[in-house]
Amino acid sequence: MSGGRGSRGSLAGQQRGGSGETPPAPPDRDGEDRIAAAFALARDEGRAALMPYMMAGYPDRETGLAVAAAYVDAGADLIELGVPFSDPLADGPTIHAAATEALEAGATLATALEVCSAVGERVPVVFMAYANMVLAHGGSREFARLARAAGAAGVIVPDLPLDEGVQRCLQLLSDAGLRPTRQRLALGRLLFLRGHRHVTAEGLYEEALAANAYLSLATVYNTLNQFTEAGLLRRIAADGIKSFFDTDTSVHPHFYLEGEDVLVDVAEGLTFTRVPEALPGHEIARLDVIVHLRRKRAR
């Protein structure tokens, strides 16, 4: 770990400053952001990020804690922390043997949480766990709560199959050149797996909360704008103030129902006999046709 690393400004080294101690990570900083920042720093320095693996509680509790501290002191950018499990299907014989020895020494999930708590504020820690272990500790929500409380930045669950919806969203984002972040996947499932839709940022924010995807309204706005720039959505400014986002990006006309704040497609379409020429030095970027409707007044 020491070759060539002593002179560069590692994530740990830059954070320690002159005192030799790493200041705690901001408590409200998202784990995904911390992981991305660690890799970004390594990339900016023209090197690969160092993310060593360790098995919690191997060969015993005290040594495991010492190993984690040594990783940080030696300049690790992140740590992958294995949670001892009796049947680690995705791991080879070496890690399997380490897990077995840790279990025989009394290691549990609590052991891994303790290791994470000891170093998680200094570098991002990512758990390596298995689906049965997650289920045995209250399911995904409770396991995530425990991991977050210990300072973990993420959890790898290698034996958790992706459902068809997630796979479709991953492919959609990949084709659009977008990184599949947690926020994009959560909003992508709401947007692109429910047929053709017109949504507002505020409406999608409420849907996300109802689906237990706890995102800020600003994150929803930013993600919708990113999807639009990538060509996955079409922005429709209906009344000059509020924008709708259409999952059908083709050119087609809309009805806007005034007073009801609803945007719908014009079913039969419209025929244009002539489209005006663009001004000199310009070209037509898009064509939006919105027909405003209002309820008939009772007579």
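The values are calculated or read from the model by the stated rules, or taken from the named source; none is laboratory data. Remember, predicted model here, so these are calculated numbers, not experimental data. With ideal geometry, Cβ positions are generated from the backbone for all residues, glycine too; neighbour counts draw on all protein chains shown.
Quick check, is A278 outside the structural domain of R184 (by TED's automatic domain parsing) and loosely packed, with under 13 Cβ neighbours inside 10 Å?
Criteria not met by A278.
I'd like the residue in segment 245-292 that is of a type in the set (S, T, Y) and at pLDDT 85 or above and, out of all such residues, is nearest to V199 (Cα to Cα).
So, considering only residues that are of a type in the set (S, T, Y) and at pLDDT 85 or above, the one nearest to V199 (Cα to Cα) is T247.
Among the residues of segment 172-195, how many are farther than 16 Å from E32 by Cα and part of a loop (DSSP other than H, G, I, E, B)?
5
Please specify each residue of segment 142-173 satisfying the condition of being within 25 Å of F227 (Cα to Cα) and either hydrophobic (A, V, I, L, M, F, W, C) or more than 12 Å from the chain's Cα centre (by Cα) (or both).
Result: L162, D163, E164, G165, V166, Q167, R168, C169, L170, Q171, L172, L173.
What are the residues in segment 152-171 that are assigned to a loop (DSSP other than H, G, I, E, B) and touching a residue at least 40 places away in the same chain (Cβ under 8 Å), if any?
A152, A153, P158, D159
Looking only at segment 65-124, count how many residues are closer than 18 Å to L50 by Cα and in contact (Cβ under 8 Å) with a residue 24 or more places away in the chain.
Of the residues in segment 65-124, 21 are closer than 18 Å to L50 by Cα and in contact (Cβ under 8 Å) with a residue 24 or more places away in the chain.
Can you pull out the residues in segment 107-125 that are surrounded by 21 or more Cβ atoms within 10 Å (Cβ to Cβ) and under 15 Å from D77 (Cα atoms)?
Listed by number, the residues that qualify are C116, V119, G120, R122, V123, P124, V125.
For segment 135-147, name all the residues that are modelled with pLDDT of 90 or more and surrounded by fewer than 16 Cβ atoms within 10 Å (Cβ to Cβ).
Within segment 135-147, E142, R145 qualify.
Could you tell me which numbered condition A176 fails, if it satisfies all but one of (1) crowded, with 16+ Cβ neighbours inside 10 Å; (2) under 18 Å from the mean Cα position of the chain (by Cα); (3) not β-branched (V, I, T)?
Just one mismatch for A176, condition (1).
Name the single residue that is nearest to the chain's Cα centre (by Cα) among those in segment 179-198 being among the basic types (K, R) and within 30 Å of L257 (Cα to Cα).
Filtering first and then ranking leaves R184.
Could you grab me the full set of residues in segment 70-105 that are surrounded by fewer than 16 Cβ atoms within 10 Å (Cβ to Cβ) and β-branched (V, I, T)?
Answer for segment 70-105, where residues must be surrounded by fewer than 16 Cβ atoms within 10 Å (Cβ to Cβ) and β-branched (V, I, T): just T94.
Of the residues L103, L89, which is farther than 24 Å from R34 by Cα, assigned to a helix (DSSP H, G or I) and assigned by TED's automatic domain parsing to the domain that holds F39?
Within the list L103, L89, the selection yields L103.
Go through segment 199-216 and give me each residue that's outside any helix (DSSP H, G or I) and over 16 Å from D261 (Cβ atoms).
Correct list: A211, N212, A213, Y214, L215, S216.
What is the residue count in segment 125-143 for residues that are touching a Phe, Trp or Tyr at 6+ places or on another chain (Cβ under 8 Å) and more than 18 Å from P52 (Cβ to Cβ)?
Residues flagged as touching a Phe, Trp or Tyr at 6+ places or on another chain (Cβ under 8 Å) and more than 18 Å from P52 (Cβ to Cβ) within segment 125-143 amount to 5.
Is it fair to say E283 is outside the structural domain of R141 (by TED's automatic domain parsing), in a helix (DSSP H, G or I) and not small (G, A, S)?
No: the conditions fail for E283.
Tell me which of these Y130 doesn't satisfy, since it passes every other one: (1) closer than 18 Å to G64 by Cα; (2) touching a Pro at 6+ places or on another chain (Cβ under 8 Å); (3) among the hydroxyl-bearing types (S, T, Y).
All conditions are met except number (1).
Going through segment 29-56 one residue at a time, which ones are closer than 26 Å to T219 by Cβ, assigned to a loop (DSSP other than H, G, I, E, B) and of a type in the set (A, V, I, L, M, F, W, C)?
Once the filter is applied, which keeps residues that are closer than 26 Å to T219 by Cβ, assigned to a loop (DSSP other than H, G, I, E, B) and of a type in the set (A, V, I, L, M, F, W, C), segment 29-56 yields only A49.
Picking from L146, L191, L170, which residue would you name as being out of contact with any Pro (no Cβ under 6 Å at 6 or more places or on another chain) and outside the structural domain of G75 (by TED's automatic domain parsing)?
L191
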